[in-house]
Amino acid sequence: MGAREDFTNDAMQYAPQLFATALRMTRNKADAEDLVQETFLKGWRAFDSYQQGTNLRAWLFRIMTNTFINKYNSQQRRPQETELDEVEELFLFRRMGAFDQSKMSQSAEDQMLELFTDDEVKNAIEELPETFRIPVLLSDVEGFSYKEIAEMLEVPIGTVMSRLHRGRKAMQKMLYEYAKERGLVDESLLDPQD
Amino acid sequence: MADCQETLNELESYLDSELSEGRATEIIAHLKGCTDCQGAYEFHADLRTAIKTKASNEELPEGFLDRLRDCLGDDVLGAQ
């Protein structure tokens, strides 16, 4: 029982992170809570196969990612989109000149934090097709390495890199569209050569 | 040393801390001497921070942790 109690105590610290990622995966609070509970139950039951001293956090995220893919993907709630429009390189960076400076703060870092709302960032992630959304979540939000993500998704590292690259560009385009809808962008300010 | 095109191509891997130490040193050397690439680097680094901060800012539903403990507790009892 000792090891199992340790599991509950150790794993519980990751529950908030797992929930935030589960919510971005499922786009629904009730499903996200179910997904985290299922992840903990599977982790608890498989704890014998967990190697003490290895990365418990990565192990839990791996269980959760697999559970999500197997459970929700099979339900086909949304047709799986494997294609994503091609977005040019440095999409958002090239358009920063179009942002209305008077509505932005002085420091560059604060500017970025203020430019997009929490909901816009969350929506931009959630709107990505699942193939791209999961690697973006695991890398940009949870900070896992290409190797860890490749292991979680059971795909080659090159595939992780290309999905991240395309997913991030698509996200930048969505963030730009949201800013445009909010009237933060004046496209006449853009250099036509850009 | 890396040129602008190489630096911009590898910016993402650099931000992901996925470049070899040698390659990362070359990219850093280029960034130090090139205002344009330095600007692109800072922009994407700030964007990363904003995305991470905003996407992980999620309140747990009320009673979430208790229900999680309960479901593990039920499984413990069920297993005995």
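Values in this text are rule-based calculations from the coordinates and carry no lab data. This is a predicted model, so every value here is computed, not measured. Ideal geometry is used to build each Cβ from the backbone, glycine not excepted, and the neighbour counts take in all protein chains shown.
Taking each of A:42/B:52; A:173/B:52; A:29/B:54; A:173/B:32; A:122/B:52; A:169/B:54 in turn, the alpha-carbon distance tops 20 angstrom for A:42/B:52; A:173/B:32. Place a point 7 Å from Cα of residue B:5 in the direction of its Cβ. Which residues in the range B:26-45 have their backbone N less than 17 Å from it? Those under the cut-off are B:37.
Comparing A:36, A:25, A:54 along the charge dipole axis of the range A:2-75, the residue lying farthest to the positive side is A:25, per the Cβ-charge model.
Between residue B:20 and residue A:162, the C-beta separation translates, for a Förster distance of 25 Å, into a calculated FRET efficiency of about 0.80. Scaled against 2.2 N^0.38 Å for its residue count N, the alpha carbon radius of gyration of the range A:111-163 is 1.25.
Residues whose amide H comes within less than 5 Å of that of residue A:144, counting only those at least five positions distant or on another chain, are A:139 (H built at 1.01 Å from N in the peptide plane). The label point for residue A:42 and the one for residue A:71, both projected 7 Å from the Cα toward the Cβ, are 0.8 nm apart. Summing Cβ point charges (Lys, Arg +1; Asp, Glu -1) relative to the Cα centre of the protein assembly as shown gives a dipole of roughly 620 debye. Enclosing the Cα atoms of the range A:2-75 in their convex hull gives a volume equal to 79 cubic angstrom per residue. With the convex hull drawn over the C-alpha atoms of chain B, the volume per residue is 126 Å³. Its Cα gyration tensor gives the range A:93-189 an equivalent ellipsoid. The semi-axes, each the square root of 5 times an eigenvalue, are 29, 13, 11 Å from largest down. Restricting the calculation to Cα atoms, every distinct pair contributes to the Kirkwood radius of the protein assembly as shown, found to be 20.4 Å.
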